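For reference, the structure discussed in these notes is given below.
The values are calculated or read from the model by the stated rules, or taken from the named source; none is laboratory data. What you see is a predicted model; the values in this text were computed from it and never measured. Protein only, heavy atoms only, side chains kept; ligands, DNA and RNA dropped before computing areas. Shrake-Rupley method; radii C 1.70, N 1.55, O 1.52, S 1.80 Å.
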Amino acid sequence: MINSISGVVYDADDKVIDVSAVVDRLRNDPVNDEFVIKRSVGTGGGESVEIGNADKIIPFFNLYYQKKYDFVIQPLVNQHDKLAEFNPTSLNTVRIMTLAYGGNVHHVSSMVKMGGLGGRIDNVSAGGLCIGIKNDGSLTSFGFDCYLNKTTRHPQTNLEFPDHYEVPYFHEMIDVVKAKHQLFKSHGIISWDVSVDNDGYVTIVECNTAWSGLESHQAFHGPVFEDHMEYINNINS
């Protein structure tokens, strides 16, 4: 992994490396053929996310570094076979919303996000879909596109959304993001995009601190903060 922060480039061990070394590392990676480059802050809907081999990624690395963006370069994440069923060309993630107050972190709502057929990103605004996840890890029987059009199957893969489907390692993903939210002392609400592989290894793809996608959560689950209204009503009192 390459991480550029305030014009300084770090490797996976958080050690500073020379900019000139990045190109060699990408072209001579012994394991990975493709990478993801994405800006670290201030984007959404798949903006400034590029996926491809070293030759595709290097020009974006040069551009983002020249513009002094904070960004990361990562290898592709391997997803669980059951998550890949939704759409095989995209990394289909679990969006988990957490609410923190009083020293505790609460899971308030979750859904699956998937890309359209042929798409590499899972963003609903880029042609994907989302499906609600119940508290037991099973799916709602319907999904929505970015216009909140309701559907019971993926329009390209024709996969139906059965309510007996269980998201793999769902509760383990919740435990991971709740623990990580404890580190964000000034953020009450965070929506996490999370994946898991066949071995149960959980990867946090990104955390959304400024836009949580509340309308989609509520379309599936109704008033997601219903159990926390006593706290919410007294925030400014």
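Using θ = phi - 60° in the Karplus curve 6.51 cos²θ - 1.76 cosθ + 1.60, the 3J(HN,Hα) couplings for the stretch 2-10 round to 10, 10, 10, 10, 6, x, 10, 9, 10 Hz; x is entered for Gly and Pro.
Can you give me the % of accessible surface on the chain that is carbon or sulfur? Probe 1.4 Å, all protein chains present, nothing else counted. Intermediate values should be presented prior to the final figure.
Working: 6020 of 12590 Å².
Using a 1.4 Å probe with all protein chains present, the chain comes out at 48 percent carbon and sulfur.
Along its principal axes, the stretch 1-83 has C-alpha extents of 39, 31, 24 angstrom, given from the largest down.
If you only keep lysine pairs separated by 8 or more in sequence, or across chains, how many in the chain come under 16 Å at the Cα atoms?
Details: Lys38/Lys56; Lys38/Lys67; Lys38/Lys68; Lys82/Lys113; Lys113/Lys134; Lys113/Lys150.
The result is 6.
Amide H to amide H, with H built 1.01 Å from N, Thr140 comes under 5 Å of Gly132, Ile133, Lys134, counting only residues 5 or more places away or on other chains.
Using helices alone, I'd like the mean residue ellipticity at 222 nm for the chain: each DSSP H run of four-plus residues gives -39500 (n - 2.57), total over residue count, nearest 500. Numbers along the way, then the final one.
On the way: 6 runs with 51 residues, N = 237.
My calculation for the chain gives -6000 deg cm²/dmol from helical runs alone.
Oblate is the label for the chain. Its Cα gyration tensor axes, ordered a ≥ b ≥ c, give a/c of at least 1.5 and b/c at or above a/b.
Looking at the chain, the accessible area is 53 square angstrom per residue; that uses a 1.4 Å probe and ignores ligands, DNA and RNA.
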